[in-house]
Every structure is written in C-alpha cells, then in structure tokens.
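We did not get these values from a lab; they are worked out from the coordinates using the rules stated. Predicted model only: the values in this text are computed from it and were never measured. Positions of Cβ are generated from backbone atoms using ideal geometry, with glycine treated the same way; all protein chains shown enter the neighbour counts.
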Amino acid sequence: MSTPLPVTLDLCAGQALDCYLEHLAEANGMTTAQLLTVVRGERGHSTTRFLMLHPTRTATTRLACMARLGAKDVTAATLAAYDGTALDLAGLDPDDLYTYRGVAARGWVPGHGTQICPPCLAATGIWQLAWRLLTVTVCLTHATYLIAVCPGCRRPFRDQRHSPLRQAGTSTQCGNPLGRGPTRQCLRELTALPTVRADPRCVAGQQRRNRAITGATVCVLGTDVPAVGYLQDLRHLTTLLLHLANQPGGLAPVPWANELAAEAAARTGQRGPRWGMRPPTDPALRSRALSSADDILTCGTVDDAAAAFLPWLQTVPRTATGSLGWLANRTVMTPTLTRIIIAAHAPHRTLAHRLDTHLGLDTPMCRLPQVLPNILYRATCADCSTPTPTPCGCSRPCAWPARTPNPPPGVRRPPRCACPPSSACAPPAPAAPQCR
Ligand SMILES: [Zn+2]
Ligand SMILES: [Zn+2]
C-alpha cells in the first residue's frame, strides 16, 4: 500500500490515465520514472505492462491511494472503460502476459501509441482516452480527422518502448525516443500540426460511433440494436469492404480505394494486409471505410442494405469456393452481415432457387428433369424407365404430350400414347357389334 502524494489532481472528463499521471508527477516535483517506480512497487515492470489497457489490481490500488481517487475512477481512465462496447477484453488477465494473445487475436485492439487532435491538445493540454480507439477517427469538436503518426519521427504518438509514461511529461512536444536510448527525443511540436477537415459523412458516422461507445443503442437495418452488436457489425463489415476495395481491377465503388492501395503496398508479407487485425493507419482513410460500411448498416431494410452492397459484390474474385466462401474467409460473418450478403446474392442464386421463386413456373419443381450422377442414377432410377403398359397397348414408353395443360397439384397425369394413329401400335379399332 502506497501513501497519498502531497499534491493530488482531479481527473478531467475523457482524460487518459497516462496523461493524468504525467500531470500528477509534475505537480509533485517527480519525474514520470519516479512515479512509475512507486506504482510498480515490488512487482516490477509487469505491474504496468497493461497500464492503459487494463491495469492490474495492484496498480489500480496503488494509484487510487496515491492520487486519492476511487478504483473505478482509475479504471475509467483506461481502455478497460470500453470493455463490452468498443472493445472485448474478455479473458485478459493483466497479471498474465499470455492472455493478451487471445484479446489481440480479435483484431482492432489499440496497440502502442495513440492518435491526437492537435487543436484539442493545444486548448486543454489533455490527451484524451478515446483517441486510442481505432473506431474513433474524427474530432467532433473541430470536425477534423485525427492524426496517427508524428511527421517528425514517423511513429505513432506516445510510442514508448518500455514505459507507459513519456519522459517529456506534460510537454506538448512529441517526445518519442529516437535511436536506442531514451536520451534523444523527437522534438516536433504537436499542437502546431496541420489538420484536415473531415467529410460530413465521416462526421455523422463518428457521431453514431460515439453514441455506441457510450453504450447507447443504434439503429441498424431499421431496428435498434445494442451498442456492442452495432460496433461488431461495423468493424467486420468494414474489414470486408477493405478486402474488397483492395482487389485489383479498380472495380471498387469508392474513391478511397486508391488511397488504400498505397497503404496496402506498404504492408509487406505474402499474406497481404490483414485488415481484420489491423485497419488502415491513416484515420481519414479508416474513417471513410467505416462510413462506407455505416452507409450499408443504416439502410432501413435488409433489401436496401443488400442493394447498397451489390456493387461491392461485383468485386469478389472468381474462386473455386465461390463468392460466399471468399467473403466468409475474410471477415467474421455476424448474423447481420450474413443476412445482408445472402440477400445480395439472391439474383445470383442457384438455378433451382431462381426457377422456383423468380420465374413463376406453373410446373412444380418435382416435375423438372434433374441431372444425377450416372452411378446414382443406375443404383436408384434405372428401373423407373421400364416401359409400362398403356391403354393403346404400345410396348414403348409413351412420351408426355407437349403443350398440354398441367394437371392440378397432387393429381397424376394419366398415361397417354403419343404414337400417331396410323402407326403399327395404334390401338385396335373397337369391334363392330355383332348381330345375334
Ligand atoms: Zn479537436
Ligand atoms: Zn515525433
């Protein structure tokens, strides 16, 4: 158990814990390294390994005592505050390093560093917690895209190697360590970085995502759904659109596909970009992809959503597994995605389905000729072609006369002979009445 520090501060709304601790260290005349030493206590580095994702019970207790905060307040300043909405941290034990693998495998987990809004940082000096979420791409206060990479060192902001706190403390300079040691740091002033105004669609999409991140229900396909369901649908559909937009041929129906090609080319490896694990780094590009997915999910009905997805379906490459298999291999098929994709495939369904549902045939499907494998045909149907006696006595099987009205459902058509009356198998003429 640690003791309270001489000077304590209030946590600001939305302030990230690392930012708070840097201000707390400065207010008490400590370096960030000294403050972390107190937090770690005897447990060492492992206590703060997941400080911003989900602090250990030991670290939470120590921080709450040092800053005279409640344990819930400390947790609310970390990404654990979004567990169950924007993030799924189920199974994570911050004391067990290996449990993180299961969480990371779900994809779109904030890694090292954070995004920033330079005007917000200049106005308040506060690093907001929500900037770390990959589904947050726009600052609604300034209607500008966030920035993810420092133009000075080409690395994410707050990309500390071994410490969750910056050596630069509360400075608004980048402070990322350069080289191997902590001595050299990036001195780029972050509050002066230029910003780009966000598209209105991206702003509207961010407003919906922000409501969902706070736990509010969101309308999807005309129905209000829980926030976690909407955010999962949005993430997995965005992943799918990213894969489709990355297909060669320039068939993607969105202009941001060209920007995506540049980012995809920068990612090496024969497996290609794994958008389900890590979406595009550029917040503007990521925001446009999220907005394209949101445009589909905000349709009022499944049929409207399927119509909106149909142009994307044309970009699916022809493979042996078919388009459904290709799509399912590149994202998580949530129930909502499955409904949309199946509905979009309706015009491309099998011949049997289309004959039965789209052409209005007056012949039952059971009467349509089917193609069977030869072995199966011989084993089961060969005997069915044995000629049956007909009223005319013809030994040959009678063909069904064409252009004759179909019998009512459930009534078998009576066998009729199609042989011409003059043929040898014509039925004998009725015998003439004999005189008695
Ligand atoms: Zn801002
Ligand atoms: Zn930098």
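What residues from the stretch 289-331 fall in the zone where the backbone N is under 12 Å from a label point 7 Å along the Cα-to-C-beta line of I375? Counting only backbone N, you get no residues.
Here the stretch 277-310 is scanned for amide nitrogen atoms under 20 Å from the site 7 Å beyond the Cα of L140 along Cα-to-Cβ, giving 283-299. FRET efficiency for the T183 to L97 pair, using the beta carbon distance and R₀ = 35 Å, is estimated at 0.80. Summary of packing: across the peptides 49-62, 72-85, 319-332, the per-residue average of other C-beta atoms within 10 Å ranks them, highest first, as 49-62, 72-85, 319-332.
Ranking L87, H54, T37 by how far each Cα lies toward the positive end of the dipole of the stretch 17-104 (charges on Cβ) leaves T37 at the top. Can you check what the net charge comes to around R201, using other residues whose Cβ is under 14 Å from the Cβ of R201 (Lys, Arg +1; Asp, Glu -1)? Taking every other residue near R201 into account, the sum is +2. The slack between A71 and T301, meaning 0.36 nm per residue of separation minus the straight C-alpha distance, is 78.4 nm. Taking amide H as placed 1.01 Å from N in the peptide plane, the amide H of C299 sits under 5 Å from that of L221, each at least 5 places away or on another chain. How high is the FRET efficiency from T3 to M277, r the C-beta distance, R0 51 Å, rounded to 0.05? After rounding to 0.05, the efficiency reads 0.75.
If one computes the Cα centroid of the stretch 163-202 and of the stretch 61-121, what distance in Å separates the two points? After rounding, the separation between the Cα centres reads 20 Å.
Placing +1 on the Cβ of every Lys and Arg and -1 on the Cβ of every Asp and Glu, with no other charges, gives the stretch 72-137 a dipole of roughly 240 debye about its Cα centre.
The listed peptides 276-288, 9-21, 88-100, ordered by packing as a protection proxy, come out as 276-288, 9-21, 88-100 (highest mean of other Cβ atoms within 10 Å first).
Arranged from highest to lowest average of other beta-carbon atoms within 10 Å per residue, in what order do the peptides 301-310, 25-34 appear?
Details: 301-310: 17.7, 25-34: 15.5.
Going by the mean number of other Cβ atoms within 10 Å, highest first, we get 301-310, 25-34.
Dipole of the stretch 200-348 computed with +1 at Lys/Arg Cβ and -1 at Asp/Glu Cβ about the Cα centre; of L310, A328, V254, farthest Cα towards the positive end is A328.
Per 0.36 nm of contour for each residue apart, how much would the distance between R197 and R161 grow if the chain were fully extended, relative to their Cα-Cα spacing?
Details: separation 36, 0.36 × 36 = 12.96 nm, distance 3.17 nm.
Contour length minus the Cα-Cα distance gives 9.8 nm.
If you take all other residues with their beta carbon under 11 Å from the beta carbon of V136, and give Lys and Arg +1 and Asp and Glu -1, the sum is +3.
Let me make sure I get this right: for the stretch 200-348, a, b and c are the square roots of the gyration tensor eigenvalues over alpha carbons, sorted descending. Under 1.5 in a/c it's rounded, otherwise prolate if a/b > b/c, else oblate. Which is it? Cα axes put the stretch 200-348 in the oblate bin. Taken about its Cα centre, the stretch 17-104 carries a charge dipole of about 200 debye when Lys and Arg each add +1 at the Cβ and Asp and Glu each add -1 at the Cβ.
With a simple spin-label model that places each label point 7 Å from the Cα along the Cα-to-Cβ direction, the separation between A328 and A13 comes to 4.6 nm.
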